[in-house]
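One structure is given here, and the rest of the page talks about it.
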Amino acid sequence: MALVAERQDSAARANAAASIVVRELTPQDSGRWDRFVLGHPEGTFCHRAGWARVLRRVFGYDPRFLLAEQRGEIVGVLPLVEIKSRLFGHALVSSAFAVYGGPVCADPAALRALSERASALADALDVGYLEYRSPRIHQPDWAHKSDLYATFRLSLDGSVERALAALPAAKRRSIRKAEKLGVRADFDRDVARFYDVFALSVRNLGTPALPRRYFEAICDEFGDAVDLVGITHDGVPVSGAMLFHFRDDTHCYYVGNTPAARDLAASDYMWWRAMTRAIERGARSFDMGRSKRGTGAFEFKRRWGVEPIALHYEYRLRSLDRVPETNPLNPKYRLFIALWKRLPLPVANRLGPLIVRGLA
């Protein structure tokens, strides 16, 4: 009897999977795709259909966003982007420049169907590896990297006063210091002001900058779901961030600080004002973004009293024998980082987009 039941269960699973059709996103599907993502608890801003348009427009990628349908309803999505670089290899990632972006599925059958199609696509493109970026593991049999990146999430209860009182005393002192020094926050669409701070900040870290047109495209595509916070002192920009609003969550995604920000406590003030903006928008959680363990950014976020949440990146390795290490902590990039920090900013801004396109 047990054997019969097992065979029946296996047959039921096979029939369910057989009824699922996987195909690529079309422009006509965008609204349905976004409604599915919005209604799924694992959906994030990184899963929105508009990223396909942004990535195609700015980098010339050919996004391969996959959707799974069953009886005419979307039951799973997987935003894939092919990345090809002489420096960093050939990959199919979910998704480019995203903290999250792995499969979002209504059930295991949809996940199997999407992963089978993604694996077939990886084979057809002959990539070195297929990568999922998610807060949880979807493919236990794949190679994993769970000890490098973490994110930080603060709970919000709708009160600015209670949020301030819940912060560590050192952070409250920094916020008061910035206010006394005349540091100011503005929320607007000034991409140029944000980009000047961001590009300087990443150059000083030894990292190539994304192009300014990328941030312009994000604002154009997602409209009111994006905020830019600009922190100035005596009219001079010193810190900045790009915020993504999705459901009841605000994600502080891109951040930059000038050297002057430290003495002004401008970075702490920027994070605080980003939190107050999230509360104003009705957010119940505030995502401080991804950081690498062992870095200054990681420890900075811990000092806000938030525990790190591990991110699980999964790899179906094809031509590689181990998980790729295309991150600044890899010792082989040490010389490159040191040299990049010394580049004149205009040169770094001109060369950076040519390099970062292959990193994603």
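Pick from segment 298-337 the residues that are at pLDDT 90 or above, of a type outside the set (D, E, K, R) and outside any strand (DSSP E or B): which of them is nearest to S146 (Cα to Cα)?
L311
From R189, R193, R213, which residue is of a type outside the set (D, E) and farther than 21 Å from T258 by Cβ? Break it down into steps so the answer makes sense when it comes.
Numbers: R189 fails: farther than 21 Å from T258 by Cβ; R193 fails: farther than 21 Å from T258 by Cβ.
Exactly one residue qualifies, and that residue is R213.
Have a look at R277, R293 and point out the one that is within 22 Å of L156 (Cα to Cα), of a type in the set (K, R) and in the same structural domain as E161 (by TED's automatic domain parsing).
R277
Of the residues that make up segment 259-272, is at least one among the acidic types (D, E), crowded, with 21+ Cβ neighbours inside 10 Å, at pLDDT 95 or above and under 16 Å from the mean Cα position of the chain (by Cα)?
no
From A266, A338, A360, A260, grab the single residue that is of a type in the set (G, A, S), touching a residue at least 24 places away in the same chain (Cβ under 8 Å) and within 30 Å of R117 (Cβ to Cβ).
On inspection, the qualifying residue turns out to be A360.
Which condition number in (1) crowded, with 21+ Cβ neighbours inside 10 Å; (2) under 21 Å from L164 (Cα atoms) is the one that D249 fails?
Failed condition: (1).
Counting only residues that are within 13 Å of D29 (Cα to Cα) and either charged (D, E, K, R) or in contact with a Pro (Cβ under 9 Å, 6 or more places away or on another chain) (or both), give me the strands (runs of 3 or more DSSP E) lying completely in segment 51-94 with at least 1 of them.
By residue number, 64-70, 73-85.
Quick one: count up the residues across segment 166-198 that are in contact with a Pro (Cβ under 7 Å, 6 or more places away or on another chain) and surrounded by fewer than 20 Cβ atoms within 10 Å (Cβ to Cβ).
So in segment 166-198, the residues in contact with a Pro (Cβ under 7 Å, 6 or more places away or on another chain) come out as 193, 196-197.
Narrowing further to those that are surrounded by fewer than 20 Cβ atoms within 10 Å (Cβ to Cβ): 193, 196.
Adding up the residues that qualify gives 2.
Select from segment 128-165 the residues that are over 30 Å from A266 (Cβ atoms), of a type in the set (S, T, Y) and buried (at least 19 other Cβ atoms within 10 Å of the Cβ) and list them in ascending order.
Y129, Y132, S134
The values are calculated or read from the model by the stated rules, or taken from the named source; none is laboratory data. Not measured: the values here are computed from a predicted model. Every residue, glycine among them, receives a Cβ derived from its backbone with ideal geometry; neighbour counts consider all protein chains shown.
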